[in-house]
Amino acid sequence: MSEVAPKENDLPEGWQVLPIPKVLEKLPDGKVIHQGWSPRCHKEPSESDKDWGVLKTTAIQPGFFDQVHNKRLPETLEPRPRIEVNSGDLLLTCAGPRNRCGIPCLIRSTRSRLMMSGKMYRFRADEDVILSKYLEAYLLSAKAQFEIDRMKTGGNESGLNLTHERFKKLLIPVAPIEQQKRIVAKIEELFSHIDAGIEALKKAKQLRKQYRQSVLKAAVTGELTKEWRLTNKDKLEPASQLLERILKERRQKWEEQQLEQFKAKGKMPKDDKWKEKYKSALEPSDFNIGGVPKEWCIASLDQACELFVDSPHRTPKYTESGWPALRPRDVVNGQLKLETAAVVSDEEFETQTQRHIPKSGDIVYSRELSFGWGILVPANTTVCLSQGMCIFRSHNSISSDYFISVINGPLGRAQAESIAVGAAHPHLNLGDIKSYCVPIPPALEQEVIVSIVDEKLTAIKRLDEELEQQLVKAEKNKQSILASAFSGKITNG
């Protein structure tokens, strides 16, 4: 692979272009680049320098080092002080998904007893040739990132590598030291204004997130429709009567199905003892959800749903094209991510839908990993479930959209957290999910709640999209500053 980067004749007088090894300080063992070590560690982090920790790649963010992202080294393993990171080190991720391989950061400060993992490089700038902050800024630039991206190898977008030999061919535009100082100062000055704006945008996004949860909480406690309920109380049938009808209808349907089976066998029962086999829906759990309006009632998820189906307990064979097979990651935050969902063949689709084919209006719910999120299956969308999912369908007297407000709001999230089992592989048991407490409003009030929630969440989504556009614009402004900096245009002389 040929050396890549800016050409000297494109740069101001006095600048030079050097391969990255030429601008690096020799480390104690004579090398200029070190790679880390990936032992099997505890899952929890090392929280102080009393214990050694191995950095996770998430400790390296673009231009920012976060030391809390580490795993504690087992006491049975000897640490390797040679790869302990120190202030002044530059780190670069060298393995992982495309968007996470090649991320640089300068360690401005750190605690002791933290080692690199095998998925990162460590090197130090030769301060007689290049300033650490100047080198970090160039590695963050779109130009450097483009060249680094060309160096990555691997046949899978989720698992690429950046080898030593390829990385060493990266060329760096090096200004005279005094000019480097001015360039770094100007970058920091301009970035500080952009970063202040970015921080404000992120706080605004967080406030939107909190407001969204407040809306969902108000929806299922009756607060959202308090005034409406006062002016329409004469029109409301108590939800307890609605639930009573649902349970009566369920028992009647079961009895009809049993009688049909007796008829098919040609053997009718002599008495009503067979009715004793009926299994009542689960009662709500003891989860304390506080008071609800007197017109409402509390039901279990099982009582309110006419269908409850677990996914097959197997991971299907994924293919490059076919039918979407929803995984827990595809419904996080109640957002359906069909464009990134895994897909399965016709044969696998049939296997995964032996129990039930998800239909429009069904609620798909995650039971593992990023558990406790639900989405409505959209109209004209054919999907199946991967492992760790389940489906339920609310009774036709209870709005599915209202159900989503319960499940993805603070009430549903709290119940999911409370029943999760398994520290290494957290998951929700189907029986526990069925006993969730669900506040049920009168049918007419459900419609009003859904309308108000939809209006408010649509407005929040629109504002979030505007904030996201501003964040993208801020990042583009940073790249514009870096492009000017490393073409010699950001400062004079």
(request) Determine the pairs where a residue that is without any contact (Cβ under 8 Å) to a residue 24 or more places away in the chain, located within region 244-271, has a partner that is open to solvent by less than 80 Å² (accessible area, probe 1.4 Å) and assigned to a loop (DSSP other than H, G, I, E, B) with Cβ atoms under 7 Å apart, the partner being 6 or more residues away or on another chain. (result) Phe262/Pro269
(request) Filter region 288-302 down to residues that are open to solvent by 10 Å² or more (accessible area, probe 1.4 Å) and more than 13 Å from Pro238 (Cβ to Cβ), then give me how many there are. (result) 5
(request) Output the number of the condition that Lys337 fails; it satisfies all remaining conditions of (1) open to solvent by less than 30 Å² (accessible area, probe 1.4 Å); (2) of a type outside the set (Phe, Trp, Tyr); (3) in contact with a helix residue (DSSP H, G or I) (Cβ under 7 Å, 6 or more places away or on another chain); (4) closer than 21 Å to Gly322 by Cα. (result) (1)
(request) List the number of the failed condition for Gln213; all other conditions in (1) of a type outside the set (Lys, Arg); (2) closer than 26 Å to Glu468 by Cβ; (3) at pLDDT 95 or above hold. (result) (3)
(message) Cβ-Cβ under 7 Å, sequence separation 6+ or interchain: first residue in region 43-60 and of a type in the set (Phe, Trp, Tyr), partner open to solvent by less than 80 Å² (accessible area, probe 1.4 Å). Which pairs?
(response) Trp52/Ser46; Trp52/Leu73; Trp52/Pro79; Trp52/Met115
(request) Tell me which of these Arg150 doesn't satisfy, since it passes every other one: (1) touching a strand residue (DSSP E or B) at 6+ places or on another chain (Cβ under 8 Å); (2) of a type outside the set (Asp, Glu); (3) assigned to a loop (DSSP other than H, G, I, E, B). (result) (3)
(request) Within region 136-155, count every residue that is open to solvent by 50 Å² or more (accessible area, probe 1.4 Å) and either among the acidic types (Asp, Glu) or more than 27 Å from the chain's Cα centre (by Cα) (or both). (result) 3
(request) Working carefully through the options Gly388, Gly361, Gly372, find the one that is closer than 19 Å to Asp454 by Cα and either surrounded by fewer than 18 Cβ atoms within 10 Å (Cβ to Cβ) or of a type in the set (Gly, Ala, Ser) (or both). (result) Gly361
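Of these, Lys248, Lys294, Lys270, which one is at pLDDT 90 or above, among the basic types (Lys, Arg) and out of contact with any Pro (no Cβ under 9 Å at 6 or more places or on another chain)? Before you say what the answer is, go through the steps one by one.
Numbers: Lys294 fails: out of contact with any Pro (no Cβ under 9 Å at 6 or more places or on another chain); Lys270 fails: at pLDDT 90 or above.
Of Lys248, Lys294, Lys270, the one residue that is at pLDDT 90 or above, among the basic types (Lys, Arg) and out of contact with any Pro (no Cβ under 9 Å at 6 or more places or on another chain) is Lys248.
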(request) Go through region 256-288 and count every residue that is small (Gly, Ala, Ser), assigned to a loop (DSSP other than H, G, I, E, B) and over 19 Å from Ile246 (Cβ atoms). (result) 1
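The values are calculated or read from the model by the stated rules, or taken from the named source; none is laboratory data. If you're wondering where the values come from, they're calculated on a predicted model, not measured in any experiment. Backbone-built Cβ (ideal geometry, glycine too); neighbour counts: all protein chains shown. Just so you know, the surface numbers come from the protein's heavy atoms only, side chains and all, with ligands and any DNA or RNA stripped out. Shrake-Rupley method; radii C 1.70, N 1.55, O 1.52, S 1.80 Å.
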